[in-house]
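Structure, as structure tokens:
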Amino acid sequence: MAIQLYNTLTRKKEPFIPLEEGKVKMYVCGPTVYNYIHIGNSRPAIVFDTVRRYFEFRGYDVNFVSNFTDVDDKLIKAANELGEDVPAIAERFINAYFEDVTALGCKQADVHPRVTENMDIIIEFIASLIEKGYAYEAGGDVYYRTRKFDGYGKLSHQSIDELKVGARIERGEKKEDALDFALWKTAKEGEISWDSPWGKGRPGWHIECSAMARKYLGDTLDIHAGGQDLAFPHHENEIAQSEALTGKPFARYWMHNGYINIDNEKMSKSLGNFVLVHEIIKNHDPQVLRFFMLSVHYRNPINYSEELLENTRAAFERLKTSYQNLLHRRESSTGLTDDNCQWVKQIDSLREQFIKEMDDDFNTANGISVLFDLSKLANQYLLEKSTAVEVIDRFAKEFEELFEVLGLKLGSEELLDEEIEALIEKRNQARKDRDFKLSDEIRDQLKEMNIILEDTPQGTRWKRG
Ligand SMILES: Nc1ncnc2c1ncn2[C@@H]1O[C@H](COP(=O)(O)OP(=O)(O)OP(=O)(O)O)[C@@H](O)[C@H]1O
Ligand SMILES: [Zn+2]
């Protein structure tokens, strides 16, 4: 069966049918790089990285493009406030973005295009829209003629008349109609700018994605994605721009992630109720944050609190401990045992269950439940008197593959200090009990994780090797 995904455009779950067999062309709106990302901003990064990984796991070749908005009003404002220039700020926060999302287990996109490096195609795009009558110049600005585009409102399911109610013409704007939006903004004195047929200025926010998505993925994409707040007006405007230019559907499937809230309010920079990823990962394993995020279906809201994050840590550790215990047991395991088939069958059926859950609109929450079932099954197996290498390996491989799909690491290199100390405590107890086999096993386990023990008269000391 095909992967089913919820399409904001049709408000239905639909089977995913790629434009080109075996391929997925996917564009995710990236950050405006004027600050560190907060936990809310990290949700689309984690969610759509997982979507990409899952498509790859199911054998698709994914072309994944995610932009950086490296010039816009917010960046210009930040530059003025900090007394720095826009490119310096953008560079700093692009680096910070990579650092944060890499820590969260996100792979780099195939292309991370930047607005400032694509000015030529953006200007060309706007010029073509003017030529076709979908845009007009007014005093150095260029606006999109919203009413001219028939399907306007189809993504956010609003009619032009409903939209008209909320629309205003701000002072100084030279729009023909309150619904029109800016494609090009004339530069104010001293502002960063680029030459264009309409004078010095910079592009509006929406046009950049239409132009860059087209350059890297073509006229029609399989999937276009971003946070729920982007559906309107950003994505609605992207559709208007792209479809007016090409006459073809811009994206076949639109995916939107739900909000991270704090006290039931959207986490956002403007409300000031945000927690930066950069800060939180100083005291919390970033993998736990990823696990936390994936424990909820991507379209549901998450009410964030540090306490909740802390609670998921124990659950995540339980999964990893099962895996570690399997690896340990491998050495003392034998060849085939009589009931191998039974266990392998059960593992197979859990794998199938995981795929079924993920095929259903990337239900990572249920996928993670299946991982807990796998862990329970593994723990049960480890209670058997004798265990077979073959079964242990099968369990271990399943853990490794399914963790990889979710971008989670089983790696012991992330052992926290407390975990190391707990293992040392366990080893001390084993030595008191004169269980030298166990105490040596723990020493070896720690050694494998690059932790070196030193027994001194004052007790056991440890260091990372
Ligand atoms: N609280 C949130 N929960 C989930 N996704 C969010 C949240 N806030 C922003 N996003 C998403 O983060 C991505 C990056 O957005 P962008 O850099 O434009 O953030 P922003 O709009 O400046 O953030 P803010 O909303 O805090 O002002 C977008 O896909 C956006 O939808
Ligand atoms: Zn966009």
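Overview of values
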{"quantity": "Calculated log₁₀ intensity ratio I(q)/I(0) where the Debye formula runs over C-alpha points of region 127-274, q = 0.17 Å⁻¹", "calculated": "-1.09"}
{"quantity": "Region 4-257 - Debye-derived log10 I(q)/I(0), Cα point model, q = 0.10, 0.11, 0.15, 0.18 Å⁻¹", "calculated": "-0.49, -0.60, -1.13, -1.54"}
{"quantity": "Portion, in percent, of the accessible area of region 367-406 that falls on carbon or sulfur, probe 1.4 Å", "calculated": "52 percent"}
{"quantity": "For Ala135, residues with placed amide H under 5 Å, excluding near neighbours", "calculated": "Ile130, Arg145"}
{"quantity": "When region 418-464 is reduced to its Cα atoms, the Kirkwood hydrodynamic radius in Å", "calculated": "10.5 Å"}
{"quantity": "Whole-number accessible area per residue in Å² for the chain, which is evaluated in the context of all protein chains at 1.4 Å", "calculated": "47 Å²"}
{"quantity": "Derived scalar couplings ³J(HN,Hα) [region 104-110; Karplus, 6.51 cos²θ - 1.76 cosθ + 1.60; whole Hz; x for Gly, Pro]", "calculated": "7, x, 8, 7, 5, 5, 5"}
{"quantity": "The chain: Rg to Rh, with Rh as the Kirkwood radius over Cα pairs", "calculated": "1.06"}
{"quantity": "Sparse-neighbour loop sites [GluC sites (Glu not before Pro); region 107-160; at most 12 other C-beta within 10 Å; DSSP]", "calculated": "none"}
{"quantity": "Rounded, prolate or oblate (a/c below 1.5 giving rounded, otherwise prolate when a/b exceeds b/c) for region 310-405 by Cα gyration tensor", "calculated": "oblate"}
{"quantity": "Cβ-defined net charge surrounding Glu84, 13 Å radius [Lys, Arg +1; Asp, Glu -1]", "calculated": "-1"}
{"quantity": "Accessible surface of region 208-278, 1.4 Å probe, proportion on carbon and sulfur as whole %", "calculated": "47 percent"}
{"quantity": "Region 418-464 - percent of accessible surface contributed by carbon and sulfur, probe 1.4 Å", "calculated": "47 percent"}
{"quantity": "Sparse-neighbourhood loop sites, trypsin sites (Lys or Arg not before Pro) in region 1-63 - DSSP loop, at most 11 other Cβ within 10 angstrom", "calculated": "Arg11"}
{"quantity": "Nonlocal amide H pairs with Gly227, under 5 Å, H built at 1.01 Å", "calculated": "Asn257"}
{"quantity": "Cα centroid separation, region 54-94 to region 195-271 (Å)", "calculated": "14 Å"}
{"quantity": "Distant-in-sequence amide H partners of Trp184 (H built 1.01 Å from N, under 5 Å)", "calculated": "Val142, Gly204"}
{"quantity": "The chain: calculated mean residue ellipticity at 222 nm from DSSP helix runs of at least 4, using -39500 (n - 2.57)", "calculated": "-15000 deg cm²/dmol"}
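The values are calculated or read from the model by the stated rules, or taken from the named source; none is laboratory data. The structure presented is a predicted model; accordingly, all values stated were derived computationally and were not measured. Note that we place each Cβ from the backbone using ideal geometry, even for glycine, and neighbour counts take in every protein chain shown. Note: accessible area is taken over every heavy atom of the protein model, side chains too, but ligands, DNA and RNA are not part of it. Shrake-Rupley method; radii C 1.70, N 1.55, O 1.52, S 1.80 Å.
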